[in-house]
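I have placed the structure first, in the form of structure tokens, so that the comments after it can refer back to it.
Please treat every number below as a calculation from the coordinates, not as lab data. As the structure is a prediction and not an experimental result, all values here were calculated from the model. Every residue, glycine among them, receives a Cβ derived from its backbone with ideal geometry; neighbour counts consider all protein chains shown.
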């Protein structure tokens, strides 16, 4: 048994943090972070062992694009202690223990966003591949927040043993299912599902891409059945970093010259544009198998990102998203019911999200499935008035699922 009861722990209660949701909201809304930053720096100056202040400082740096410095402060905080608490704004709710690991915002499920303004008291405990126990503060239910990635794989392997026989309910506790959410793993899982287009995705090292750059005819032996153009991305990258469309062998050579990474994912490029020439991408979260609309972005570019798709500037695109959210259950979710059922069964987790698109032939084009997708309600209500009700519906369902686990 790896459970360490609160009574047996030598450490004090979890260090109280402001938390990701409050800090990122302030940054997202263009607020002045200086007073908070100065206050936290003053705390650390007065007490270098103030782990909570270090952790909140790391969130500020990560939120403002200072990744390396943010991770450095996070590591310093974790050297001091591994358990933290973000108290609920309202008293009386359940106590959720999120099992996390070190990393940026893509390393773990951003659960603080899902619990924002709720009565759920969030406790965070960090583990790594060498953890011998989970020194857990008092809690009612566990949520495994660690996402799939190359650095996280040994952590997930270790966590499987640490959670075995846990005395409280565990959400997303089948950690081998999380580990299987690599891009090539997801592709293999859904390759034979008729309702889903999950393009073949393979891992290729630098030597393989070098060979392809010299001989484009080798492509079908590297990516079975593929022809140019293909897409390439470094393994471990997120949010489109390093993702490019390569039209021929010469483009592969140019890509290698601009990226020093040792390993890459390769997949066929799928032209999923609609009849109007625009590309549309949807983000959907699944809670106990039920799908919830997160966002819908439209763009002229095949690599659709919500923040760069002109959603704030283009009212017609917001109107399309609003209509999609309003009719989601009766329209989009109904059309893709078979695909969603297959996704729930194939992923096999209590909570996860997907990025997808709708092909002209009606199939669901699956870009990725992950537990660490960013889901939030940060968009300004005056510009996106339709979003808050949709996100409230999702958050209420997530919180209800946690309470149901405790009640059961």
Between residue 241 and residue 382, the FRET efficiency computed from the C-beta separation at R0 = 30 Å comes out, to the nearest 0.05, as 0.45
Each label sits 7 Å from Cα toward the beta-carbon; between residue 316 and residue 392 the label points are separated, in nm, by 3.1
Most fluctuating of 17, 175, 41 in the GNM of the chain (C-alpha, under 10 Å) is 41
Length-normalised contact order of the stretch 58-180, Cα under 8 Å, at least 6 apart, in percent, tallies to 25
With the 8 Å Cα cutoff and a minimum separation of six or more residues, the chain has a relative contact order in percent of 15
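Starting from 0.36 nm per residue, how many nanometres of slack lie between residue 300 and residue 128 once their C-alpha separation is accounted for?
Stretched out fully, the residue 300 to residue 128 stretch lengthens by 57.8 nm.
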Per-residue ellipticity at 222 nm attributable to helices in the chain (runs of n ≥ 4 DSSP H, -39500 (n - 2.57) apiece, nearest 500 deg cm²/dmol) works out to -10500 deg cm²/dmol
If R0 = 56 Å, then residue 64 and residue 217, at their Cβ-Cβ distance, give a FRET efficiency to the nearest 0.05 of 0.75
For the residue 32, residue 278 Cβ pair and Förster radius 41 Å, calculated FRET efficiency rounded to 0.05 is 0.65
Checking 258, 216, 348 against a Gaussian network model of the chain (alpha-carbon springs below 10 Å), the top fluctuating residue turns out to be 258
Comparing 314, 335, 82 in a Gaussian network model of the chain (Cα, 10 Å), the one with the largest mean-square fluctuation is 314
Taking alpha-carbon centroids only, the stretch 139-206 lies from the stretch 14-88 a number of Å equal to 28
In the chain the DSSP beta bridges are antiparallel at a rate, in percent to nearest 5, of 70
For the chain, the longest principal axis of the Cα atoms and the Cα long axis of helix 315-326 enclose an angle in degrees, to the nearest 10, of 70
With the 8 Å Cα cutoff and a minimum separation of six or more residues, the stretch 200-268 has a relative contact order in percent of 48
Two pseudo-spin positions, 7 Å from Cα along C-beta at residue 164 and at residue 341, lie apart in nanometres by 3.6
So the angle from the long Cα axis of helix 337-347 to the longest Cα principal axis of the chain, reported in degrees to the nearest 10, equals 60
Length gained, residue 359-residue 308, 0.36 nm per residue minus C-alpha separation, equals 16.2 nm
antiparallel share of DSSP beta bridges within the stretch 6-178, to nearest 5, in %, is 25
